[in-house]
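The values are calculated or read from the model by the stated rules, or taken from the named source; none is laboratory data. Everything quoted here is computed from the prediction, not taken from an experiment. Here the Cβ positions follow ideal geometry from the backbone for every residue, glycine too, while neighbour counts run over all protein chains shown. SASA here: full protein model, heavy atoms, side chains in, ligands and nucleic acids out. Shrake-Rupley method; radii C 1.70, N 1.55, O 1.52, S 1.80 Å.
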Amino acid sequence: MVFVIEGMQWGDEGKGKITDFIAQKMDIVVRHQGGNNAGHTLVIDNKKFALSCLPSGIVSKNITNVIANGCVINLDKLIEEINTLKEQGYTNLKLLISNKAHIIMPYHIDLDGAYEALLSNNKIGTTKKGIGPCYIDKAARRGIRIGDLLNKDYLKERLTSALTIKNLELKMLNKKPYDFQPLFDKLCYFGEILKPYITDTSLYLNNAINNKKNILFEGAQGSMLCLDHGTYPYVTSSSPLANSVPLNAGIPLKSIDKVVGILKAYTTRVGEGPFVSELHDETADLIREKGHEYGTVTKRPRRVGYLDLVVAKHTHRLSNVNYISLMLIDVLTGVNPLKICIGYELDGETIDFIPSTIEEISRCKPIYKEFEPWKEDISKIRNYNDLPLNCKKYISFIEEYLNTKVAFISVGADRKDTIIKEDIFKND
Ligand code: IMP
C-alpha cells in the first residue's frame, strides 16, 4: 500500500511522530519536497532524534529511506546527520538519494538572508536555509543536482556557469563572491561520501510499487505553505500537498492509495503572513508553553491560535484526505475558553473557504463555535472510550465538519502516546 502524510496547516503539526508510527509497517519511507527548513523530531523510548534532511524512517532497521527528486539538500547538514546517527550506533543506514534532487549551495543561503534583509518590512520570514534561492535556480535551470557530483567534468561545467550568474548577484547585494576551486573540491568530496547512496529513485520506487511494497511519502511543512495553494507569498518554495507526490518522486498518479492528513488540535505558524484564528492573549501563551511551540529549526516562538477548520477544509478540498491524525490534543487540557473556527466573515458574508489573496484573508474575521473544556490529564489514555466526554465531542465535531474519520489521536510526544481509533491499513 502507498500512503502519503500531509500537513493540513502551516507545518509543525507533528508529522514526524505519525510518520515514524506508520513507518513501522512500511518497507520504504520517502521525503519528496523541501529541505532542511523542515525539522522532524522523533522520540523513541525517551531517545530524541532531531532530523531535518533524513526521512523519518531512518532509525528503523528494516526501512529503506529515500530522498526524492523534489527535495533540495544541504550536503553539510545531511552528512552531519548521517554522522550523528552513525556515532549513536546506526551504522547501516538504508538510504537512497535521488540523482535529480537539487543541492543547496552556500550562495543560496547567503542570498536567502540578503533578500530577506532587503525586504525588511515585507520579508517572508523564511528559515534562511537557502530553500527559495535553490528552487529559483532549479526553475531557472542553473541548479546543481546530486547526480552531477558523480561526473567531475560535467560538475565543472555546471558550477562554472552557476557561479558566473551567482557571483554577479552576490556582488550586487554586497555579498562576498565564491571562488570556483574550493567549492568544486568540496562538492567532489561530498560526491565521494554520498556515492553509495545516489541513484535513480524514481526507477527504484516504481519497481517497489510494482512489487507491492508498503511505501510512505512524508510531507515537510503544511498545505498552507504550498507555493501554489497556500497563503502566497508567505509560503515555502515547494508544494507539501499530497497532489505533488507523483511529480516530486517520479511515480504514477494512480499509485497512491491513502492520504493521512496531520492536523494539530490547535493552530500554529512561524514566519509572517495572515492567520485568521491567531490569539494574542494568555490562552496563546498557555498553549505555546504546554505545546513547546518553538521552531525546531529556527527556535522562533510560534504564533498560536484556535483550531481553524476552514484551513483544514481547504487542504481537504485540494487533496482529499482519507484519514485524519489529530495531534497534541493533550495540550488543550485546561484551555478555557475552548473554541474552533468554523467559518470566516468577509465583507459581511460568511465563507468556508480560503480567499485567494492575502489582502482578503487579512480582512477575514473568525467565526467560532465554543466547546466545553475538559480538565483531566489525558496523556496516559490509550483507548478512545476512556477520553473525557468533552474531549470526544471536540473530536467528533472535527470528524463531522470534515466528513472524515480521525484515525490517530496523539496525546504525547512518544510513539507510545497514541490512541488508535481507526485502522488505516484495512482495505476499504
Ligand atoms: P522557507 O521554506 O525557509 O523559504 O520559509 C518560507 C516560510 O515557510 C516561512 O514562513 C517559514 O517559517 C515557513 N516554513 C518553512 N519550513 C517550515 C516548517 O518545517 N515548519 C513550519 N514552517 C515552515
Scanning for something farther than 14 Å from residue 217 by Cα, in a loop (DSSP other than H, G, I, E, B), in the same structural domain as residue 310 (by TED's automatic domain parsing) and open to solvent by 20 Å² or more (accessible area, probe 1.4 Å), does the range 15-35 turn up at least one residue? no
For the range 248-277, name all the residues that are over 25 Å from residue 20 (Cβ atoms) and not in a loop (DSSP other than H, G, I, E, B). 253, 254
The condition from (1) charged (D, E, K, R); (2) surrounded by fewer than 15 Cβ atoms within 10 Å (Cβ to Cβ); (3) without any contact (Cβ under 8 Å) to a residue 24 or more places away in the chain that residue 392 misses is numbered (2)
Looking across the range 405-428 at residues that are open to solvent by less than 10 Å² (accessible area, probe 1.4 Å) and in a loop (DSSP other than H, G, I, E, B), the single one that is nearest to residue 19 (Cα to Cα) is 424
Picking from 63, 28, 104, 82, the residue that is within 14 Å of the ligand (Cβ to nearest atom) and in contact (Cβ under 8 Å) with a residue 12 or more places away in the chain would be 104
Being among the hydrophobic types (A, V, I, L, M, F, W, C) and in contact with a helix residue (DSSP H, G or I) (Cβ under 7 Å, 6 or more places away or on another chain) narrows it down to one residue among 425, 397, 408; which is it? 408
Condition first: open to solvent by less than 10 Å² (accessible area, probe 1.4 Å) and more than 21 Å from residue 222 (Cα to Cα). Can you find one or more residues in the range 53-60 that meet it? yes
Return the only residue of 223, 202 being open to solvent by less than 70 Å² (accessible area, probe 1.4 Å), under 29 Å from the mean Cα position of the chain (by Cα) and under 23 Å from residue 96 (Cα atoms). 202
Go over the candidates 229, 280, 314, 292 one by one and state the one that is open to solvent by 10 Å² or more (accessible area, probe 1.4 Å) and outside any loop (DSSP other than H, G, I, E, B). 314
Filter result for the condition that a residue is open to solvent by 20 Å² or more (accessible area, probe 1.4 Å), assigned by TED's automatic domain parsing to the domain that holds residue 282 and either small (Gly, Ala, Ser) or under 25 Å from residue 259 (Cα atoms) (or both), over 347, 330: 330
Return the total of residues in the range 122-170 being more than 16 Å from the ligand (Cβ to nearest atom) and among the charged types (D, E, K, R). 11
Please find, among 235, 259, the residue that is more than 15 Å from the ligand (Cβ to nearest atom) and either at pLDDT 95 or above or open to solvent by less than 10 Å² (accessible area, probe 1.4 Å) (or both). 259
Applying the selection to the range 117-163, what residues are at pLDDT 95 or above, in a helix (DSSP H, G or I) and open to solvent by 90 Å² or more (accessible area, probe 1.4 Å)? 152, 153, 154, 156, 157
